[in-house]
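Participant: Before I ask anything, let me first share the structure, which is written out below as structure tokens.
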């Protein structure tokens, strides 16, 4: 079946999965680039669900100032979702529904802003579009605090959670150091990271050498060895007077069990974690007798736009703009990715990579990033991580002392199809 | 016994109890004011313990730049401690030891930077000095994130934790709102506050009206009523789609039990808390079936100098400077306090108040600050709280993307006395 090249049409942008401090900067990049090219941009309300339900938002109803303010507003301005499309074989109807919605609204470019799962969805959509004779360009746009996307040097969203984590580790450690003589000896910070210890590793930027915090980092890449952990904590307290531990939520024991399995699962079948820090704290108390405190910032870490990395905010915007460039250049099934040119000074550029090389893959930390004893980061890790937290991108504040985050109007596009019956 | 007026002598500054994001700004105020007046300033290492042990620091060894950098460095630069002196009757020897140390180093002004307990210690020391014929001026300097000191309109340290809490509530709620359709419906943020709900109340500044986060604030001033709490959460999720709860660590049930009693106690006999958030989360899951997330920032909240309130940082500096002015003016057993002149525009000044009116008292939130249904703040609370988070006092950042916090040399003063044998 011959495919007609679109001479006009609309662009649809959707946010997917866990949001970040800078995903809206990507949205701003997309919308501002589309406007500059004279292309009408819709957004899907609550991610791919909005596309399935034909619940579309006309971003043309938003002012220039509102779109510009997305650059410094955390969360997902159009709503995101955890909804994984089944395989083409298992539920072809869902993919066909999406094409039907796109056809009804003359959507010719679909930009899907997410992680590995979303790259897979965008890839499948590009295939089914072709199969159904509907000319559609699908572009994945990288986003994840987990920094686990293949091909790209780093993932927009990660640099800001990395910076938040390093700053928080530094600040809380100054607190602990002040009080250790009579109070808390061991402080445990639990950070996100199910399978890859990128965020935990970033905490390592807070200090240098064995006496500076964090003294112990626990990576999901390593099996948690209780005896070695306790020995390291004890030695640190005896030498330094106190000890800061940064633990990835995803650490497991030698039996492969998560240290803190909350017992529930999200829509992707991932175990919902939380509670490594109190588990470790109880262990420290019981086995070493030290007074402890622990913190679990949870969503605070990935929404902390007030402490965002300038590099991260700029890259998030750049991939949004590049995604529009790719789409309008007629590319399909690709993702704009960050390419590192040099570490110091840090230089980077955006290129495009095939979604097929990204979908459903997971980038682990290189083994060479974890110190030999398993509890710290190496010089190679520092070289990689350090540039990603550089620069501040402080949001504007109101006279009320709070950041001026924007809430969009999110005006609905009139529906043209019958309701979706899953 | 006649008391000789000191014509010369030294000043001793000590930090007490939990540190804050701006306690070092107070230290900067003290040291810079002392330098300006030509008075030598010592600091006690690890608070009152350093005074008992004759472990004193000569702040004269620090550069002007290092002292200036204290204005933006969190934690306690000289070390703090949780060590409560017993009553004069129970352990007069401790008070006499302090006077002995002061006498050995010609310390004529003692500035004690802490909360209600420390105000009590400073008051007792002023009395024992008099009784022992040693001319000593004791000045309390206010500091506590708990905002529970009597007389002063607010406490240095509170404004910054208030700002951090309001910003974090706002940011995490934007995250939850984006994802609520398919993911977390209820987000619970646990904040500090054993007996008074000031920090929890400050979260209320993040939003306005019943539909904006936080939707539910749990105050230690109220008995926790499970049924009313669950009903409010359920109604909010049904109306708004999601619900943000901010819970004070100190909330108790109708039997007077803390919802999350960790079972351990600190040096002051206070129960060490932590874990209200997971307790509430489990309740929400079990009774309402909603997916939840919870955060417990712990020390992150009180050390978050990167997000400090400008008003708070300025007041912290001002009370340090005023404490020196009081001391050198010959005042004794007083504390510089913040007096509010007007709400909008916010105007304030520093006056002095007798320690006898402050020691061991605890300021609760006015009943009129809590909304009638018990789950929010009133317009009166907003009028009081809003000015305290105004303005940003962003610390300088290095090219590494981290705030440039200072670590002092803390050079020890030579000992003149035998070791302390408690």
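Participant: Out of (1) in a loop (DSSP other than H, G, I, E, B); (2) more than 23 Å from residue A:13 (Cβ to Cβ); (3) in contact (Cβ under 8 Å) with a residue 40 or more places away in the chain, what's the single condition that is false for residue A:372?
Facilitator: Here residue A:372 clears every test but (3).
Participant: With the checklist (1) crowded, with 24+ Cβ neighbours inside 10 Å; (2) over 22 Å from the mean Cα position of the chain (by Cα); (3) at positive phi in hand, flag the one item residue B:9 doesn't pass.
Facilitator: (1) is the only condition that residue B:9 fails.
Participant: Restricting to the range A:69-86, count the residues that are closer than 17 Å to residue A:117 by Cα and more than 11 Å from chain B (Cβ to nearest Cβ).
Facilitator: Number of matching residues: 2.
Participant: Taking the condition buried (at least 22 other Cβ atoms within 10 Å of the Cβ), within 30 Å of residue B:160 (Cα to Cα) and modelled with pLDDT of 95 or more, does residue B:25 pass?
Facilitator: Yes: the conditions hold for residue B:25.
Participant: Here's something else I'd like to know. In the range B:399-422, which residues are facing another protein chain (nearest Cβ under 10 Å), surrounded by fewer than 16 Cβ atoms within 10 Å (Cβ to Cβ) and in contact with a helix residue (DSSP H, G or I) (Cβ under 9 Å, 6 or more places away or on another chain)?
Facilitator: B:400, B:407
Participant: Taking the range B:254-297 on its own, how many of its residues are under 21 Å from residue A:302 (Cβ atoms), modelled with pLDDT under 90 and surrounded by fewer than 19 Cβ atoms within 10 Å (Cβ to Cβ)?
Facilitator: Of the residues in that region, 0 qualify.
Participant: For residues that are facing another protein chain (nearest Cβ under 10 Å) and in contact with a strand residue (DSSP E or B) (Cβ under 8 Å, 6 or more places away or on another chain), scanning just the range A:143-164, find the one that is farthest from residue A:114 (Cα to Cα).
Facilitator: Applying the filter and picking the extreme gives A:163.
Participant: Test residue A:353 against the criterion of being in contact (Cβ under 8 Å) with a residue 24 or more places away in the chain and out of contact with any helix residue (DSSP H, G or I) (no Cβ under 9 Å at 6 or more places or on another chain), and give yes or no.
Facilitator: Judged against the criteria, residue A:353 is a match.
Participant: With respect to residue A:331, is the statement that it is in contact with a helix residue (DSSP H, G or I) (Cβ under 8 Å, 6 or more places away or on another chain) and modelled with pLDDT of 95 or more true?
Facilitator: Taking the combined requirement at face value, the residue does not satisfy it.
Participant: Can you tell me how many residues within the range A:343-363 are in a loop (DSSP other than H, G, I, E, B) and surrounded by fewer than 17 Cβ atoms within 10 Å (Cβ to Cβ)?
Facilitator: Qualifying residue count for the region: 7.
Participant: Further question on the same structure: Do the conditions hold for residue A:396, that is, is it within 11 Å of chain B (Cβ to nearest Cβ), closer than 30 Å to residue B:344 by Cα and over 22 Å from the mean Cα position of the chain (by Cα)?
Facilitator: Yes, satisfied.
Participant: Based on this model, can you work out whether residue B:118 counts as touching a strand residue (DSSP E or B) at 6+ places or on another chain (Cβ under 9 Å) and either over 23 Å from residue B:39 (Cα atoms) or part of a loop (DSSP other than H, G, I, E, B) (or both)?
Facilitator: yes
Participant: Kindly indicate whether residue A:169 is within 10 Å of another protein chain (Cβ to nearest Cβ) and in contact with a helix residue (DSSP H, G or I) (Cβ under 9 Å, 6 or more places away or on another chain).
Facilitator: yes
Participant: When you scan the range A:200-215, how many residues do you find that are surrounded by fewer than 24 Cβ atoms within 10 Å (Cβ to Cβ) and touching a strand residue (DSSP E or B) at 6+ places or on another chain (Cβ under 7 Å)?
Facilitator: Residues in the range A:200-215 being surrounded by fewer than 24 Cβ atoms within 10 Å (Cβ to Cβ) and touching a strand residue (DSSP E or B) at 6+ places or on another chain (Cβ under 7 Å): 0 in total.
Participant: Let me ask something additional. Could we say that residue B:51 is within 27 Å of residue B:360 (Cβ to Cβ), in a strand (DSSP E or B) and within 14 Å of chain A (Cβ to nearest Cβ) here?
Facilitator: no
Participant: Looking at the range A:226-250, which of its residues are in contact with a helix residue (DSSP H, G or I) (Cβ under 6 Å, 6 or more places away or on another chain), farther than 18 Å from residue A:208 by Cα and in a loop (DSSP other than H, G, I, E, B)?
Facilitator: Correct list: A:249 only.
Participant: Can you find a residue in the range B:68-88 that is surrounded by fewer than 23 Cβ atoms within 10 Å (Cβ to Cβ), touching a helix residue (DSSP H, G or I) at 6+ places or on another chain (Cβ under 7 Å) and in a helix (DSSP H, G or I)?
Facilitator: Checked against the condition, which is being surrounded by fewer than 23 Cβ atoms within 10 Å (Cβ to Cβ), touching a helix residue (DSSP H, G or I) at 6+ places or on another chain (Cβ under 7 Å) and in a helix (DSSP H, G or I), the range B:68-88 yields at least one hit.
Participant: Further, regarding this structure: Take the residues in the range A:353-386 that are touching a strand residue (DSSP E or B) at 6+ places or on another chain (Cβ under 9 Å) and under 26 Å from residue B:175 (Cα atoms); name whichever of them is farthest from the other protein chains (Cβ to nearest Cβ).
Facilitator: Filtering first and then ranking leaves A:358.
The values are calculated or read from the model by the stated rules, or taken from the named source; none is laboratory data. The structure presented is a predicted model; accordingly, all values stated were derived computationally and were not measured. Neighbour counts are summed over all protein chains in view; Cβ atoms, including those assigned to glycine, are modelled from backbone coordinates with ideal geometry.
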